[in-house]
Amino acid sequence: MENELRAVLFDLDGVVFDTEPQYSVFWGAVCREFRPDYPGLENVMKGQTLVQIFDGYFHGMAAEQREIVRRLDAYEGQMSYDYVPGFLTFIRALRKQGVMTAVVTSSNQAKMAAVYRAHPDFPKMFDAVLTSEDFEESKPSPDCFLKAAARLGATSEECMVCEDSFNGLKAGRAARMAVLGLSTTNSADSISPLCDRVVPDFTNVSVDDCRHLLNI
């Protein structure tokens, strides 16, 4: 008996929005200023939460952390939130066929307020939006995806995760959900071991494709 596709869970940056190049600019400047001893650090910490970044690379730098948070809040408030190609068509097709959708992001509510200002209709696309305030554990823990599934009343076997970061992909795997990887942040070859399928964007992704991934 095949599993029914009941929900698709989307990460935000690099999945719904093509924001990763903007974050690379921000973190590149921050790392050159505060961690000049670690060239290329902005590439190493891609896909990590702010807590993970601070714990791993800015530990004991309380003043610097406060300044980075201040700058990041200001930066996210003026970022461009352009959709990943094909996303709007894909999510409309999901909803037309009765598949539930949710955002599952490590971003906080302040960041989401900036998203809603840029796209007032954004919340209407989803049955739930879960942010960092909703989770006790960050990706790669499956906690966030399991909580999203529970909120939607779906089982892991009925959900597909759309992710771009290594930690997010690992979280989807750990949640025992089908995983669609987007090569918007990391190369297709590097993320393929963590995915059921890798795509550059949503241009050629159909609802039937998702149903197939759920049952391979």
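Summary table
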| item | result |
| --- | --- |
| First in the stretch 115-132 and under 18 Å from TYR75 (Cα atoms), second anywhere and in a helix (DSSP H, G or I) and hydrophobic (A, V, I, L, M, F, W, C), Cβ under 8 Å, 6 or more apart | VAL115/PHE122; TYR116/PHE122 |
| Identity of the residue in the stretch 155-172, farther than 26 Å from GLY98 by Cβ and free of Cβ contacts under 8 Å to residues at least 60 places away in the same chain, that ends up farthest from the chain's Cα centre (by Cα) | LYS170 |
| Residues of the stretch 70-84 satisfying the condition of being hydroxyl-bearing (Ser, Thr, Tyr), open to solvent by 40 Å² or more (accessible area, probe 1.4 Å) and not in a helix (DSSP H, G or I) | SER80, TYR83 |
| Selection within the stretch 38-51 - in a helix (DSSP H, G or I) and within 19 Å of GLN109 (Cβ to Cβ) | LEU50, VAL51 |
| Any pair with Cβ under 8 angstrom, 6 or more apart, that starts in the stretch 65-77 at a residue that is closer than 12 Å to ALA110 by Cα and ends at one that is in a helix (DSSP H, G or I) and basic (Lys, Arg) | GLU76/LYS111 |
| Test: PRO36 is more than 29 Å from SER206 (Cα to Cα) and free of Cβ contacts under 8 Å to residues at least 24 places away in the same chain | yes |
| Residue within the stretch 16-34 that is out of contact with any Asp or Glu (no Cβ under 8 Å at 6 or more places or on another chain), under 30 Å from ALA149 (Cα atoms) and open to solvent by 50 Å² or more (accessible area, probe 1.4 Å) present | yes |
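The values are calculated or read from the model by the stated rules, or taken from the named source; none is laboratory data. It should be emphasised that the depicted structure is a prediction, and the values quoted were computed from it without experimental measurement. Counting neighbours? That spans all protein chains shown, and the Cβs are built from the backbone with ideal geometry, glycine included. The protein model used for the area step is the full one, side chains on, heavy atoms only, and it has no ligands, DNA or RNA in it. Shrake-Rupley method; radii C 1.70, N 1.55, O 1.52, S 1.80 Å.
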